Amino acid sequence: MSPTRVLVLNSGSSSLKYQLLDMRDSSRLAAGLVERIGEQTSRIRHTCLATGDSREHGGPIADHDAALKAVSQELSRDGLGLDSPELAAIGHRVVHGGMFFTEPTVVDDEVLAEIERLIPVAPLHNPANLTGIRTARALRPDLPQVAVFDTAFHTTMPESAARYAIDPKIADRHRIRRYGFHGTSHAYVSRATARLLGRAPEEVNVIVLHLGNGASASAVAGGRCVDTSMGLTPLEGLVMGTRSGDLDPAVIFHLARVGGMSMDEIDTLLNKRSGLFGLCGDNDMREIRRRIDEGDAEAELAFDIYIHRLKKYIGAYYAVLGRVDAVAFTAGVGENAAPVRAAAVAGLEELGLAVDPELNAVRADGPRLVSPAGARVAVAVVPTDEELEIATQTYALVGAGANNS
Ligand SMILES: Nc1ncnc2c1ncn2[C@@H]1O[C@H](COP(=O)(O)OP(=O)(O)O)[C@@H](O)[C@H]1O
Ligand SMILES: CC(=O)OP(=O)(O)O
Ligand SMILES: [Mg+2]
């Protein structure tokens with residue numbers, strides 16, 4: 001029998017998330033997370049879904065190479081190791097695919113070199129993605145490694161949305177344009193939202209709000225992305241855990257000329273020490289809500305700035321789409337933080353947008369509506385599953401029957 005399993009690796013700047021799936025029924029065999037890679041306090045959490053066994057260990061894990069080796073050991077302990085003949089492929093999330101990659105791609109040396117060339121526009125993400133691919137290749141040189149790009153879903157954006165208003169010759173020379181990210185999630189969630197409404201993706205217009213540590217919004221018309229909030233890099237757009245999102249570009253000149261900061265210092269400030277963290281010292285929405293409940297004004301202002309930006313994007317994408325069938329909240333904050341959902345649509349009743357407080361307070365795992373019955377625009381919580389989407393795309397490219405599909 002042909003191998004039917006796919007290992008998915010989602011390497012973040014300091015984490016490695018993974019899932020092993022059996023593509024006969026898309027079931028998960030194992031899943032886990034390595035956190036705080038590069039620190040003394042790294043942790044690996046591993047669950048074997050086949051046996052229900054979970055394990056957690058601490059101790060320094062120096063880099064993504066060591067992290068993947070630790071994952072490989074955990075999988076081996078459950079008899080699911082990378083040496084398994086049942087493994088069909090390894091699917092990798094790659095954050096920046098530039099103009100070059102619009103589809104999932106089997107990795108070869110040329111593909112690796114192109115992903116490497118894109119490091120300057122995804123400095124937090126592409127290096128980790130590359131290490132993941134290189135280590136996986138060294139562990140199983142015979143297996144196809146497939147790169148699935150965060151940027152791919154956004155390549156349908158019209159030029160009017162993708163281009164910045166700068167000299168096109170300069171833009172083209174430096175490949176400066178809006179690429180957009182989290183595309184695997186925006187694609188999956190927009191389709192799952194159509195399914196929740198009982199309609200075909202081609203028939204519905206959806207605003208997807210992917211609110212995790214990184215956060216982005218997208219306007220999806222009939223299944224195609226027409227605008228998204230992240231740009232050349234994952235820094236533009238919404239207020240995020242540690243990234244500023246939109247600001248006047250002149251802030252950068254001002255910090256350099258008047259503030260005496262170097263470009264690297266400004267880069268670090270805006271990517272790692274801004275957003276919710278920069279505003280109030282916390283980037284976790286749970287902690288921010290706890291502080292607000294205790295009357296903390298700094299946390300409340302950070303929350304209000306976060307919501308104000310989110311609301312502006314909902315309004316902007318309403319205008320871009322003309323007609324909106326659903327607004328879908330997803331990722332860690334979108335799926336779990338009821339107060340964020342309520343605040344983001346508060347006052348938008350004239351646009352047909354509202355949440356029902358009781359429905360919004362329900363905690364559940366699956367996709368669900370939180371808007372009042374009969375609302376003109378559905379407001380939905382739709383859990384994302386980037387790993388399943390990456391596995392599906394990987395298996396469609398290289399798995400059994402790939403040539404017939
Ligand atoms: N129960 C919760 N309530 C509010 N926010 C939550 C909850 N659980 C997670 N979050 C938020 O989700 C964020 C992580 O989202 P996630 O989508 O996992 O991010 P990433 O994939 O970027 O690491 C956390 O930083 C936290 O702000
Ligand atoms: C592109 C991006 O911001 O990804 P993440 O949310 O995983 O940091
Ligand atoms: Mg994420």
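Do we find that Leu388 is part of a helix (DSSP H, G or I), touching a helix residue (DSSP H, G or I) at 6+ places or on another chain (Cβ under 8 Å) and surrounded by 13 or more Cβ atoms within 10 Å (Cβ to Cβ) in this structure? Quick ask: steps written out before the conclusion?
Values: part of a helix (DSSP H, G or I): yes; touching a helix residue (DSSP H, G or I) at 6+ places or on another chain (Cβ under 8 Å): yes; surrounded by 13 or more Cβ atoms within 10 Å (Cβ to Cβ): yes.
When the stated conditions are applied, Leu388 passes them.
Just checking, which of Ala316, Ala364, Ala326, Ala380 is in the same structural domain as Gly245 (by TED's automatic domain parsing) and within 16 Å of ligand 1 (Cβ to nearest atom)? Let's see the steps before the verdict.
Numbers: Ala316 fails: within 16 Å of ligand 1 (Cβ to nearest atom); Ala326 fails: within 16 Å of ligand 1 (Cβ to nearest atom); Ala380 fails: within 16 Å of ligand 1 (Cβ to nearest atom).
Among Ala316, Ala364, Ala326, Ala380, only Ala364 is in the same structural domain as Gly245 (by TED's automatic domain parsing) and within 16 Å of ligand 1 (Cβ to nearest atom).
Kindly provide the set of residues from region 303-323 that are over 16 Å from Leu247 (Cα atoms), hydrophobic (A, V, I, L, M, F, W, C) and open to solvent by 10 Å² or more (accessible area, probe 1.4 Å), ordered by number.
Those that are over 16 Å from Leu247 (Cα atoms), hydrophobic (A, V, I, L, M, F, W, C) and open to solvent by 10 Å² or more (accessible area, probe 1.4 Å): Phe303, Ala316, Ala319, Val320, Leu321.
Report whether or not Thr384 is away from ligand 3 (no atom under 16 Å from the Cβ), within 20 Å of the chain's Cα centre (by Cα) and in contact (Cβ under 8 Å) with a residue 24 or more places away in the chain.
So Thr384 does not fit the description; no.
Sort out which residues of region 156-183 are open to solvent by less than 10 Å² (accessible area, probe 1.4 Å) and within 14 Å of the chain's Cα centre (by Cα), and write them in order of number.
Gly180, Phe181, Gly183 - these are the residues of region 156-183 that are open to solvent by less than 10 Å² (accessible area, probe 1.4 Å) and within 14 Å of the chain's Cα centre (by Cα).
What are the residues in region 215-238 that are open to solvent by 10 Å² or more (accessible area, probe 1.4 Å) and either part of a loop (DSSP other than H, G, I, E, B) or within 16 Å of ligand 3 (Cβ to nearest atom) (or both), if any?
Taking region 215-238 first, the residues open to solvent by 10 Å² or more (accessible area, probe 1.4 Å) are 221-224, 226-227, 232-236.
Of everything in region 215-238, those that are open to solvent by 10 Å² or more (accessible area, probe 1.4 Å) and either part of a loop (DSSP other than H, G, I, E, B) or within 16 Å of ligand 3 (Cβ to nearest atom) (or both) turn out to be Gly222, Gly223, Leu232, Thr233, Pro234, Leu235, Glu236.
Looking at (1) in a loop (DSSP other than H, G, I, E, B); (2) in contact with a helix residue (DSSP H, G or I) (Cβ under 9 Å, 6 or more places away or on another chain), which is the only condition Gly79 fails?
(2)
Taking Val226 and the conditions (1) at pLDDT 95 or above; (2) on the phi > 0 side of the Ramachandran plot; (3) away from ligand 1 (no atom under 16 Å from the Cβ), which numbered condition does it fall short on, given that it satisfies the others?
(2)
Report whether or not Leu112 is in contact with a helix residue (DSSP H, G or I) (Cβ under 9 Å, 6 or more places away or on another chain) and touching a residue at least 40 places away in the same chain (Cβ under 8 Å).
On the way: in contact with a helix residue (DSSP H, G or I) (Cβ under 9 Å, 6 or more places away or on another chain): yes; touching a residue at least 40 places away in the same chain (Cβ under 8 Å): no.
No; evaluated as a whole, the condition is false for this residue.
Limited to region 241-269, what total is found for residues that are free of Cβ contacts under 8 Å to residues at least 60 places away in the same chain and not in a helix (DSSP H, G or I)?
12
Return yes when Ser185 is within 16 Å of ligand 2 (Cβ to nearest atom) and not assigned by TED's automatic domain parsing to the domain that holds Ala343 and no when it is not.
yes
Only one residue in Gly98, Gly91 is of a type outside the set (A, V, I, L, M) and at positive phi, so which one is that?
Details: Gly91 fails: at positive phi.
None of the other options fit; the residue is Gly98.
The values are calculated or read from the model by the stated rules, or taken from the named source; none is laboratory data. Predicted model, so just to flag it, every value in this text is computed and none were measured. So basically every Cβ, Gly included, is an ideal-geometry build from the backbone, and we count neighbours across all protein chains shown. Accessible surface is based on the protein model in full, side chains and every heavy atom, while ligands, DNA and RNA are left aside. Shrake-Rupley method; radii C 1.70, N 1.55, O 1.52, S 1.80 Å.
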